[in-house]
Amino acid sequence: MRWLLLVRSRELGACLVSGAMRQMYEHRFPIVLGKDFAGTVTEIGSDVTDFAVGDKVFGMVAKQRLTDGGGFGEYLTTAAGAGVAHVPAGLDLAVAGSLGLAGAVAIAVIDALGPLSGKAILVSGATGGVGAHVVQLAKARGAHVIATAASGRATEHVLGLGADQAVDYRNDLATQVKQVDSVVHLAGDGASLASVLVDGGRIVSAAHLQLEGHEVTPVMANPDPAKLSRLAADVAAGRVRVPIARTYPLDQLATAVSDFAARGVLGKLAIAVA
């Protein structure tokens with residue numbers, strides 16, 4: 001497969017690049033990093049029936065270890081039954097290449113929240129890759145969305161994604177937010193976030209939050225083809241927008257990783273393979 005690749009969600013990506021997860025996630029050297037991908041199928045296995053050579057596909061590398069088969073390369077192999085789906089008509093490969101990991105986590109969050117019409121939710125970590133999807137998906141399902149963001153450019157960014165209100169996470173949340181029905185925890189202090197919940201409110205966390213006195217629903221990426229296709233359909237129909245801040249050629253991957261780690265970019269960083 002030949003790919004156009006996108007740098008994935010900041011928190012996990014930074015941990016993998018820095019080596020911080022080497023004790024929890026098996027590393028087999030030489031390693032090619034990268035989870036998200038989009039591109040064209042060049043070969044298929046003998047028992048593959050859902051894809052054909054020439055198909056445009058996207059997804060997330062579905063492997064349980066870091067090895068030489070990551071997304072930051074001209075070709076990769078991945079299982080046909082998990083982590084890969086067709087790119088729908090009208091969806092650009094550059095956009096499709098950003099959807100796999102962050103999008104799969106966002107859909108897991110939305111599913112865990114349940115019905116959202118008329119509900120108020122607080123999204124903490126709204127400026128990240130997962131948060132950007134959650135804000136838009138929740139808004140499309142009728143929620144009143146409050147997003148945490150620093151004042152200035154970050155606030156403009158989340159409001160541009162459709163958030164009804166932006167609050168500065170550096171200030172006291174309780175003075176900025178009336179009670180909400182649900183909290184989406186992607187970053188930030190769990191106790192502070194829980195303080196604005198209604199009685200019986202729900203906390204959904206993709207960041208391994210443990211909070212005494214509150215039931216937390218943990219979520220993680222489950223990029224099965226049906227969920228990836230559902231996400232891509234939302235993007236193709238214009239219900240979800242994927243902001244791509246900058247695109248780098250493959251030979252500038254090191255610069256992209258440095259910019260990624262600097263945490264000053266709002267939106268996705270793309271790696272384009274010629």
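The values are calculated or read from the model by the stated rules, or taken from the named source; none is laboratory data. Keep in mind it's a predicted model, so treat the numbers as computed, not measured. Cβ sites come from the backbone with ideal geometry, for glycine too, and all protein chains shown count toward neighbours. Ligands, DNA and RNA are excluded from the accessible area calculation, which covers all protein heavy atoms including side chains. Shrake-Rupley method; radii C 1.70, N 1.55, O 1.52, S 1.80 Å.
Taking label points 7 Å from Cα along the Cα-to-Cβ direction, residue 156 and residue 168 give a separation of 1.7 nm. Computing the accessible area with a 1.4 Å probe over protein heavy atoms, can you report the carbon and sulfur percentage for the stretch 155-235? Whole-percent figure for carbon plus sulfur exposure: 47. The Cα center of the stretch 231-268 and the Cα center of the stretch 115-163 differ in position by 18 Å. Legend: residue pairs 35/227; 35/119; 63/139; 56/139, Cα-Cα distance threshold 24 Å; pairs beyond threshold, 35/119; 63/139; 56/139.
Fully extended, how many nm does the chain gain between residue 198 and residue 230 (0.36 nm per residue separation, minus their Cα-Cα distance)?
Details: separation 32, 0.36 × 32 = 11.52 nm, distance 3.08 nm.
The residue 198-residue 230 span can extend by a further 8.4 nm.
Phi angles of the stretch 108-117 translate, via the Karplus equation with coefficients 6.51, -1.76, 1.60 and θ = phi - 60°, into HN-Hα couplings of 4, 4, 4, 4, 5, 6, x, x, 10, 4 Hz per residue; Gly and Pro are given as x. Annotation: per residue accessible area for the chain equals 47 Å², rounded to a whole number [probe 1.4 Å, protein chains only]. One chain, two ends: residue 82 and residue 241. Fully extended at 0.36 nm per residue, the span grows by 54.8 nm beyond their Cα-Cα distance. With viscosity 1.002 mPa s and temperature 20 °C, the Kirkwood radius over alpha carbon pairs of the chain converts through Stokes-Einstein to a diffusion coefficient of 113 µm²/s.
State the percent of C-alpha pairs, over all pairs in the stretch 152-224, separated by a distance greater than 14 angstrom. Write out the running numbers ahead of the final one.
On the way: 1699 of 2628 pairs.
Summing the P(r) tail past 14 Å for the stretch 152-224 gives 65 percent.
The calculated 222 nm mean residue ellipticity attributable to helices in the chain amounts to -7500 deg cm²/dmol, summing -39500 (n - 2.57) over DSSP H runs of n ≥ 4 and dividing by all residues.
Normalising by residue count, the stretch 54-113 has a Cα convex hull of 115 Å³ per residue.
Report the full-extension gain for the segment residue 258 to residue 40: residue separation times 0.36 nm, less the Cα-Cα distance, to one decimal in nm.
Numbers: separation 218, 0.36 × 218 = 78.48 nm, distance 2.79 nm.
Once the chain is fully extended between residue 258 and residue 40, it gains 75.7 nm.
Set against the 2.2 N^0.38 Å expectation for a compact globular protein, the stretch 118-274 has a Cα radius of gyration ratio of 1.09. Taking packing as the residue-averaged number of other Cβ atoms within 10 angstrom, the listed peptides 244-256, 154-166 run from highest to lowest as 154-166, 244-256.
Would you mind working out the magnitude of the charge dipole of the stretch 37-157 relative to its Cα centre, with +1 at each Lys and Arg C-beta and -1 at each Asp and Glu C-beta, to the nearest 20 Debye?
Numbers: 7 positive and 9 negative charges, 124 e Å.
It works out to roughly 600 debye.
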